[in-house]
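All remarks here apply to the structure that follows.
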Amino acid sequence: MRETRLRSLLAEVPVPAAEEAERRGLSMVEEAFAQRQPAGRAVLPRLAVSFAIAALLAALMLTPAGAAMRDWIGDVFTAGVPDAEPGLTEIPGGGGLLVQSPSGPWVVQGDGSRRLLGRYEDATWSPRGLFVAAASGHALSAIAPDGTPRWSLSATGPVSDPRWSPSGFQITYRAGSSLHVVAGDGTGDAAIARGVEPLPPAWSPQGLALLAYVASGGELRIADSNRGEVLGSAAALSGIETLEWAVDGSALLEASPAALRLREVTVRKALAGLGIGPPRPVPLPPGATVRAAALSPDGATIAVLLLFGGAGERPPHSEVALIERPRTSLRRLLNVPGPLSDLAWSPDGSRLLVSWRDADQWLFIPTDGRGRVRAIDGIAAEFAPGDPGASSFPQIEGWCCR
Amino acid sequence: LGTERRLVKEAQRGSRDALAELYSAHWGRAHRAAYLVVHDAAAAEDIAQDAFLAAVDALDRFDRRRPFAPWLHRIVINRAIDWARREALRRKVDEPAAHPAAEPPRQAIGEEMMDALAELPPEQRAVVVLRHLLEYTPGEIARMLELPRGTVNSRLRRALDRLRTTVEAAE
């Protein structure tokens, strides 16, 4: 067979409606191009805006009103929220917390009672809070909240970041750099992707067997969790640390320390196709570093922890803020000195829980901006029984289920 | 290649004309390649569009020293393979009796070529398209599809054996 003949045959096959397709494609591509911000052109205006805002802030700080604001930032919460409660006697907003301490994960019930599950790490709730999946070396285990192990499997590499699907039928986890999916009863374990980034994947919230993850090389992929087939891909946000799927399935949230952005996701009927839209950057205040970001349970709001570096004589401070979708205006809820960490929405969306390690406090913050911030003191010792001077602070892994 | 680098550079700086030129230079082959793998005009259009949207998305990070076409073709072909595999699976589940019972009428050579390609698994279609339409070497194809070169060669050999009858009939 002559290869030249094959070449010409392939080049001659008529492609139906090729010209119309080309025109439609060009219009889509030009629209996407018009929405992007060319890096080279944007530098000067951005710098100018940053300088203008910095100058405005400096001026504000020197005025009497500005001095009041500086005092509020610097003094009101210097040593933690005043009138903090001395111990955890209930979870404001209800539900159950999953908290990782050096000795293992704890389940905290709504009345404040707690139980250590054992020597596990990376614990995660099942969708209705009936079980916890957790890692222990090369093993993945499912545990009842009373600490009873239900099943365990051995993996080919160190297990990390298990995540239960919203349907409860599947769990995904990483074994080394491979992404696995296993049935909720511990059977049918299979690797669906190799060479993935160390980032918790995100399940489609709509009961579809779809999983979003980031492959090494920085490719954001959406795959069929049963077969691992990649149904859609796009370039992931550089330095991505958070990937979340909005509850209506319409968007993915990507967060890195430097940026926050949303992408539309369109799933066609019967998984016949999947579209990932162009990224839509969410504007952040100048100088802000994103420490954490999380979508509200109804998917309409993004909560962010922002850290502002200690430029000049100003010490670093943190803000807890809400960004409403599709508008992207920022609503500040709290401003404290030093860094904040962890960020969890209450199951009903009425509160946020954040950790303030410097003050040894958890802060329960009303999201309507009206109620009082409830602070719980002495958190490190709460999760280190017998060690009242505990120096390590526990990490909030999840807040589940009313 | 020099012209392409200039176009990429200008597009990175925001030139809509440069983007349109890049699009015009690469759309046709990308679209045709997708169509030859998926055999579905709407899907081919979606795949080519998605690849160009990904290119716009990644434009600022694109290394101008590298040629644009292999990067684009890699996205197109991988997405086309994924689509064709999924479609094959869907047909298996939804239409178990869809094979035509009667001898099909004589077709134009383009249709015969498409029918012959349709008999191949998507992975073999993809290597044929990459090798004989887009003219990549087996080594380049291996890198694009993240396969060993031997696998590419064996897929090509099997595919060409099966296409032989159609091509020879056209000679």
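The values are calculated or read from the model by the stated rules, or taken from the named source; none is laboratory data. Model, not experiment: these values are computed from the prediction. Every residue, glycine among them, receives a Cβ derived from its backbone with ideal geometry; neighbour counts consider all protein chains shown. Each accessible area value is taken on the protein alone, full model and side chains, heavy atoms only, with ligands, DNA and RNA left out. Shrake-Rupley method; radii C 1.70, N 1.55, O 1.52, S 1.80 Å.
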*Which residues, counting only those in region B:16-41, are within 9 Å of chain A (Cβ to nearest Cβ) and free of Cβ contacts under 8 Å to residues at least 12 places away in the same chain?*
B:16, B:20, B:24, B:28, B:35, B:41
*Among (1) of a type in the set (Ser, Thr, Tyr); (2) in contact with a Leu (Cβ under 7 Å, 6 or more places away or on another chain); (3) closer than 19 Å to residue A:135 by Cα, which single condition is residue A:233 missing?*
(3)
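Just name the residue that is farthest from residue A:293 (Cα to Cα) out of those in region A:193-204 that are in contact with a Phe, Trp or Tyr (Cβ under 9 Å, 6 or more places away or on another chain) and without any contact (Cβ under 8 Å) to a residue 60 or more places away in the chain.
The qualifying residue farthest from residue A:293 (Cα to Cα) is A:193.
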*Could you say which residue among A:207, A:195 is at pLDDT 90 or above and on the phi > 0 side of the Ramachandran plot?*
A:195
*Kindly indicate the residue of region A:343-388 that is of a type in the set (Phe, Trp, Tyr) and within 20 Å of the chain's Cα centre (by Cα) and also modelled with the lowest pLDDT among those meeting that condition.*
A:356
*Mind checking whether some residue in region B:128-150 is modelled with pLDDT of 85 or more and in contact with a Phe, Trp or Tyr (Cβ under 9 Å, 6 or more places away or on another chain)?*
yes
*Within region A:105-151, which strands (runs of 3 or more DSSP E) (wholly inside it) include 2 or more residues that are of a type outside the set (A, V, I, L, M) and under 22 Å from residue A:89 (Cβ atoms)?*
A:114-116
_Quick check on my filter: what residues within region A:203-220 are open to solvent by 10 Å² or more (accessible area, probe 1.4 Å) and more than 10 Å from chain B (Cβ to nearest Cβ)?_
A:203, A:205, A:206, A:207, A:208, A:209, A:216, A:217
_So, in region B:45-58, exactly how many residues are among the hydrophobic types (A, V, I, L, M, F, W, C) and within 7 Å of another protein chain (Cβ to nearest Cβ)?_
6
_Contacts under 7 angstrom Cβ, first residue in region B:129-142 being touching a residue at least 40 places away in the same chain (Cβ under 8 Å), partner open to solvent by 10 Å² or more (accessible area, probe 1.4 Å) and small (Gly, Ala, Ser), 6 or more apart_ = B:133/A:11
*Would you be able to say whether some residue in region A:141-157 is within 22 Å of the chain's Cα centre (by Cα) and closer than 24 Å to residue A:202 by Cβ?*
no
*asked:* Going by what's in this entry, would residue A:267 be described as touching a Ser or Thr at 6+ places or on another chain (Cβ under 9 Å) and open to solvent by 10 Å² or more (accessible area, probe 1.4 Å)?
replied: yes
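Which residues, taken from region A:324-348, are outside any strand (DSSP E or B), open to solvent by 20 Å² or more (accessible area, probe 1.4 Å) and under 21 Å from residue A:96 (Cα atoms)?
Within region A:324-348, A:347, A:348 qualify.
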*Given the structure, is residue A:116 open to solvent by less than 40 Å² (accessible area, probe 1.4 Å) and in contact (Cβ under 8 Å) with a residue 24 or more places away in the chain?*
no
*asked:* Filter region A:206-240 down to the residues that are assigned to a strand (DSSP E or B) and either within 15 Å of residue B:83 (Cα to Cα) or in contact (Cβ under 8 Å) with a residue 60 or more places away in the chain (or both) and list them by number.
replied: A:210, A:221, A:222, A:223, A:224, A:230, A:231, A:232, A:233
*Conditions (1) away from chain A (no Cβ under 13 Å); (2) of a type outside the set (Val, Ile, Thr); (3) in a helix (DSSP H, G or I); (4) more than 15 Å from the chain's Cα centre (by Cα); number of the one not met by residue B:116*: (1)
_Pairs with Cβ under 9 Å, 6+ apart, first in region A:21-35 and within 7 Å of chain B (Cβ to nearest Cβ) and assigned to a helix (DSSP H, G or I), second of a type in the set (Ser, Thr, Tyr) and exposed (fewer than 13 other Cβ atoms within 10 Å of the Cβ)_ = A:22/B:24; A:26/B:24
_Could you tell me how many of the residues in region A:241-276 are in a strand (DSSP E or B), modelled with pLDDT of 90 or more and within 14 Å of chain B (Cβ to nearest Cβ)?_
8
_Suppose we filter B:34, B:25, B:69, B:44 for residues that are under 14 Å from the mean Cα position of the chain (by Cα) and either more than 28 Å from residue B:86 (Cβ to Cβ) or surrounded by fewer than 22 Cβ atoms within 10 Å (Cβ to Cβ) (or both); which single one remains?_
B:69
*From (1) open to solvent by less than 20 Å² (accessible area, probe 1.4 Å); (2) within 21 Å of residue A:324 (Cβ to Cβ); (3) without any contact (Cβ under 8 Å) to a residue 40 or more places away in the chain, pick out the condition that doesn't hold for residue A:259.*
(1)
_Can you list residue pairs whose Cβ atoms sit under 7 Å apart, with the first residue in region A:4-15 being within 12 Å of residue B:29 (Cα to Cα) and at the interface with chain B (Cβ under 7 Å from one of its Cβ atoms) and the second being outside any loop (DSSP other than H, G, I, E, B) and among the polar types (S, T, N, Q)? Count only pairs 6 or more apart in sequence or on different chains._
none
*asked:* Suppose we filter region B:139-159 for residues that are part of a helix (DSSP H, G or I) and open to solvent by 30 Å² or more (accessible area, probe 1.4 Å); how many remain?
replied: 9
